[in-house]
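Here's a structure for you.
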There are 2 protein chains.
Amino acid sequence: MDNLLIHADSERNSDQYYATGFRAGDPFTYFRARGRDHLLIGDLEFGRAKKQSKVDRVLLTTEISDALKSKKKPNTPPDVIAEALRRNGATRVFVPASFPLKLAQELSKRGIHLSVRPDPFLLKRLVKRPDEIRHITHAVRVTESAIGLAASLLRRSKIRGNRLVLRGRALTAEYVRTEMHLYFMRNGYLANETIIACGDQACDPHDRGSGPLRPNRSIVFDVFPRSAHTLYWADVSRTFVKGRPSEGLRRLYGAVRDAQDVGCKSLRAGVTGKSVHEKVAASLVDAGYKTERRNGSFVGFFHGTGHGLGLDIHEPPGVGKSGGKLPAGTVVTVEPGLYYPGLGGVRLEDDVVVTRTGHRNLTRYPRNFVIP
Amino acid sequence: MDNLLIHADSERNSDQYYATGFRAGDPFTYFRARGRDHLLIGDLEFGRAKKQSKVDRVLLTTEISDALKSKKKPNTPPDVIAEALRRNGATRVFVPASFPLKLAQELSKRGIHLSVRPDPFLLKRLVKRPDEIRHITHAVRVTESAIGLAASLLRRSKIRGNRLVLRGRALTAEYVRTEMHLYFMRNGYLANETIIACGDQACDPHDRGSGPLRPNRSIVFDVFPRSAHTLYWADVSRTFVKGRPSEGLRRLYGAVRDAQDVGCKSLRAGVTGKSVHEKVAASLVDAGYKTERRNGSFVGFFHGTGHGLGLDIHEPPGVGKSGGKLPAGTVVTVEPGLYYPGLGGVRLEDDVVVTRTGHRNLTRYPRNFVIP
């Protein structure tokens, strides 16, 4: 029975949220000792922690601090944490790789022995419970509706020269993004970095995209909102062309779509993320698309095939060069892409559950390329 | 000339964003060596980092990794970071208190000497440049407009029994919150945790509030959006009553308003946050409001007077029990509050710049309590 220690806020550290079920924007302490979950927190959050957290015991820093003081012992924050651990017999604890260095040093000085356990720190997070799958599926559905909304804006727009025009105004990445974000907000989701990248913008996979959307060029939509209620994410990408794609762009799209099928079909509990990624990469090479550096930048397929998805938008297991074995019940993205400046970019991304015999795709949005 | 090292993403770690001017959701490495700023990043973000970051040099992990490999040396991520530091003569570096423990251990093994420098790690962040003050002021203005929108919903609602009714429906915390968040989104801001806490809900200062808003009870609005463009925050609180507050509630409000004035007037470059907080706390005690524990929960004034504000919603300097000297040009909140279950809660929060001779209040929203 391992003793565990996390010191972090739970808005940014999902292990902390998963372990405690308690949301707080400022750091607090969680520890597991003698098989029981404890939360150690200050006056301000104590009442709420008792009501909302799912740990076995909520401890108040002030109580421990006062007890130390009355014994004329030092009572700084590390003293209080060390004392709480000692009282519960947890002088040896595992901490995450991200554990803050300074606090680690202070606890070591106070006789607490810390060992780093590599990520994933909370192994259970890797395999999603049915309620977690439901949360992710809900996020995927809402994401698909938002993509549908974007597609309808493209459909309703008219081609005027090298612009798209809707209700007399140029249709821009910013306008479509805001409409999608408003939709998410009305539905209890938060998105702030949706990628709507047209033409060569899409060739830098983390360029969010900006300015007028162009006809006959591919537009990558990479959409990843988080539920404000459950805190689970979806992460879905689709690529559209308004108008007529060139033959080269059509071929690019077909190669990515086929590679995504290859990726999904190679998923099965027990296979490695690495082997899935290699098959996807090989499929793109076989289709004639090489990955290489041109003028200092990469072209082709130069990112991983996918990543785990849950309380974090990027979490284990990885589906890339160094991806290990995939357990049944884990949720990963499958998102091959090809990027060639001049021609454009294409990325398709689905969210899927790895099963004992294969996979279950949570994503239903069709992979249509051309919007007339 | 200190060598510095940060390894973090810049969405969640504001030091990383401040140091590099580069936004990325996944961790990357920044270091300062021989007085020059470096960014060390993978293939995927390399192009964007060269375009968007403000560092002197962007290094590619793959390049260093390949060089190590060709010399038959290990080339794991810590090897690459250690090699990049060595190449630039930075074998001794300062790291932040939050530096990840595992990476610290790996770098130490590779001959890099790390010393923790306590927060604030980047001392410059404490004193805001004119452009930073402008960004915060803009955030405050947008926040005030959103508070005005909430006040207008209260004004337009009718009292029906113990509910407020607007257009035939009960006015709830959730409805007002969504309207405010939509307003923020349309104006390029993100807010997801706005507190709208009515009656006893407000007595737990981190309860966001939920359900129908009640007449004649105080409603605390604590509003803290972040600009999606500049990444700076505002943090403003107002307390309203729709209808008629009791005499006790009026007195409570007056005491908090007076305490806020005391707080603002005691600000001046060189005074300590502690002395400001003590004056605010004394003013509340003098007005007859004691802080104490009742039935296991605190009542009275049981949080700090304020906190620094900038790229983080809570950042140094603190204006509380252990607050040190305040430099000219720092931005802090002044937010006394009183909370008594049964009676209700009141909090007022302004964002102010500390100046050589006093302070400059960035907040303009009037402190009206009663909404008829």
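The values are calculated or read from the model by the stated rules, or taken from the named source; none is laboratory data. Just so you know, these numbers come straight off a predicted model, no measurement behind them. For neighbour counting, all protein chains shown are included, and Cβ atoms are generated from backbone atoms with ideal geometry for every residue, glycine included.
Does segment B:77-90 contain at least one residue that is facing chain A (nearest Cβ under 10 Å) and among the acidic types (D, E)? Walk me through how you get there before you give the answer.
Here is the first cut: in segment B:77-90, the ones facing chain A (nearest Cβ under 10 Å) are none.
No, segment B:77-90 contains no residue that is facing chain A (nearest Cβ under 10 Å) and among the acidic types (D, E).
Moving to a separate point now. Would you check if B:K321 is under 20 Å from the mean Cα position of the chain (by Cα), surrounded by fewer than 21 Cβ atoms within 10 Å (Cβ to Cβ) and away from chain A (no Cβ under 14 Å)?
So B:K321 fails the test.
Quick check: anything in segment A:167-175 within 14 Å of chain B (Cβ to nearest Cβ) and either among the basic types (K, R) or surrounded by fewer than 19 Cβ atoms within 10 Å (Cβ to Cβ) (or both)?
Yes, the conditions are met somewhere in segment A:167-175.
Continuing with the same structure: Would you say B:T137 is of a type in the set (S, T, Y), under 28 Å from A:D200 (Cβ atoms) and away from chain A (no Cβ under 14 Å)?
For B:T137, the condition - of a type in the set (S, T, Y), under 28 Å from A:D200 (Cβ atoms) and away from chain A (no Cβ under 14 Å) - is not met.
Would you check if A:T172 is at pLDDT below 95, over 26 Å from A:V352 (Cβ atoms) and assigned by TED's automatic domain parsing to the domain that holds A:V223?
No: the conditions fail for A:T172.
Filter segment B:37-49 down to the residues that are more than 8 Å from chain A (Cβ to nearest Cβ) and under 29 Å from the mean Cα position of the chain (by Cα) and list them by number. Please lay out each step first, then the result.
Here is the first cut: in segment B:37-49, the residues more than 8 Å from chain A (Cβ to nearest Cβ) are B:37-42, B:49.
B:D37, B:H38, B:L39, B:L40, B:I41, B:A49 - these are the residues of segment B:37-49 that are more than 8 Å from chain A (Cβ to nearest Cβ) and under 29 Å from the mean Cα position of the chain (by Cα).
Go through segment B:174-195 and give me each residue that's of a type in the set (K, R) and over 21 Å from A:Y175 (Cβ atoms).
B:R177
Among the candidates B:V332, B:V352, which residue alone is touching a Pro at 6+ places or on another chain (Cβ under 8 Å), surrounded by 15 or more Cβ atoms within 10 Å (Cβ to Cβ), at pLDDT 95 or above and farther than 20 Å from B:L213 by Cβ?
Just one listed residue meets the conditions, B:V332.
Let me ask something else about it. Looking only at residues that are part of a loop (DSSP other than H, G, I, E, B) and under 15 Å from the mean Cα position of the chain (by Cα) in segment A:324-349, which one is farthest from A:R364 (Cα to Cα)?
Here is the first cut: in segment A:324-349, the residues part of a loop (DSSP other than H, G, I, E, B) are A:324, A:326-330, A:335-336, A:341-343, A:348.
If we keep only those that are under 15 Å from the mean Cα position of the chain (by Cα) too, we end up with A:330, A:335.
Numbers: A:T330: 18, A:E335: 15 Å.
My answer is A:T330.
When only residues in segment A:272-301 that are among the aliphatic types (A, V, I, L, M) and crowded, with 16+ Cβ neighbours inside 10 Å count, which is nearest to the other protein chains (Cβ to nearest Cβ)?
Step by step, filter segment A:272-301, then rank; the result is A:V299.
Give the residue, chosen from A:R214, A:R156, that is at pLDDT 95 or above and surrounded by 19 or more Cβ atoms within 10 Å (Cβ to Cβ). Break it down stepwise before answering.
On the way: A:R156 fails: surrounded by 19 or more Cβ atoms within 10 Å (Cβ to Cβ).
Criteria check complete, one pass: A:R214.
Of the conditions (1) farther than 22 Å from B:R129 by Cα; (2) within 14 Å of chain A (Cβ to nearest Cβ); (3) hydrophobic (A, V, I, L, M, F, W, C), B:I313 clears all except one; give me its number.
Going through the list (1) farther than 22 Å from B:R129 by Cα; (2) within 14 Å of chain A (Cβ to nearest Cβ); (3) hydrophobic (A, V, I, L, M, F, W, C), B:I313 breaks only (1).
Right, here's the next one. Residues that are in contact with a Phe, Trp or Tyr (Cβ under 7 Å, 6 or more places away or on another chain): which strands (runs of 3 or more DSSP E) entirely in segment B:228-309 hold 1 or more of them?
Because the criterion is at least 1 residues that are in contact with a Phe, Trp or Tyr (Cβ under 7 Å, 6 or more places away or on another chain), the strands (runs of 3 or more DSSP E) in segment B:228-309 that meet it are B:236-242, B:297-299.
Separate question: Just give me the residues in segment A:142-159 being of a type in the set (K, R) and in contact (Cβ under 8 Å) with a residue 12 or more places away in the chain, in sequence order.
Of everything in segment A:142-159, just one residue is of a type in the set (K, R) and in contact (Cβ under 8 Å) with a residue 12 or more places away in the chain, namely A:R155.
Does B:G308 fit the bill of being within 14 Å of chain A (Cβ to nearest Cβ), surrounded by fewer than 24 Cβ atoms within 10 Å (Cβ to Cβ), under 22 Å from the mean Cα position of the chain (by Cα) and not acidic (D, E)?
Criteria not met by B:G308.
Quick test for you: out of B:R251, B:R208, B:R257, B:R226, pick the one residue that is modelled with pLDDT under 95 and either surrounded by fewer than 23 Cβ atoms within 10 Å (Cβ to Cβ) or aromatic (F, W, Y) (or both).
Working: B:R251 fails: modelled with pLDDT under 95; B:R257 fails: modelled with pLDDT under 95; B:R226 fails: modelled with pLDDT under 95.
The match here is B:R208.
Now for a different question. What is the residue count in segment A:181-198 for residues that are surrounded by 20 or more Cβ atoms within 10 Å (Cβ to Cβ) and under 28 Å from A:G342 (Cα atoms)?
5
Only one of B:A197, B:A191, B:A228 is among the aliphatic types (A, V, I, L, M), touching a Pro at 6+ places or on another chain (Cβ under 7 Å) and within 14 Å of another protein chain (Cβ to nearest Cβ). Can you tell me which?
Working: B:A197 fails: touching a Pro at 6+ places or on another chain (Cβ under 7 Å); B:A228 fails: touching a Pro at 6+ places or on another chain (Cβ under 7 Å).
Just a single option satisfies the conditions, and that option is B:A191.
Check B:D119, B:D131 and return the single one that is within 11 Å of chain A (Cβ to nearest Cβ) and either loosely packed, with under 13 Cβ neighbours inside 10 Å or touching a residue at least 60 places away in the same chain (Cβ under 8 Å) (or both).
The conditions single out B:D119.
Continuing with this model, one more query. Check B:L326 against each of (1) more than 30 Å from A:K51 (Cβ to Cβ); (2) surrounded by fewer than 22 Cβ atoms within 10 Å (Cβ to Cβ) and name the one condition it does not meet.
Of (1) more than 30 Å from A:K51 (Cβ to Cβ); (2) surrounded by fewer than 22 Cβ atoms within 10 Å (Cβ to Cβ), only one is false for B:L326: (2).
Tally time: how many residues in segment B:89-106 are of a type outside the set (S, T, Y) and either farther than 22 Å from A:I6 by Cα or outside the structural domain of B:S10 (by TED's automatic domain parsing) (or both)?
Count: 5.
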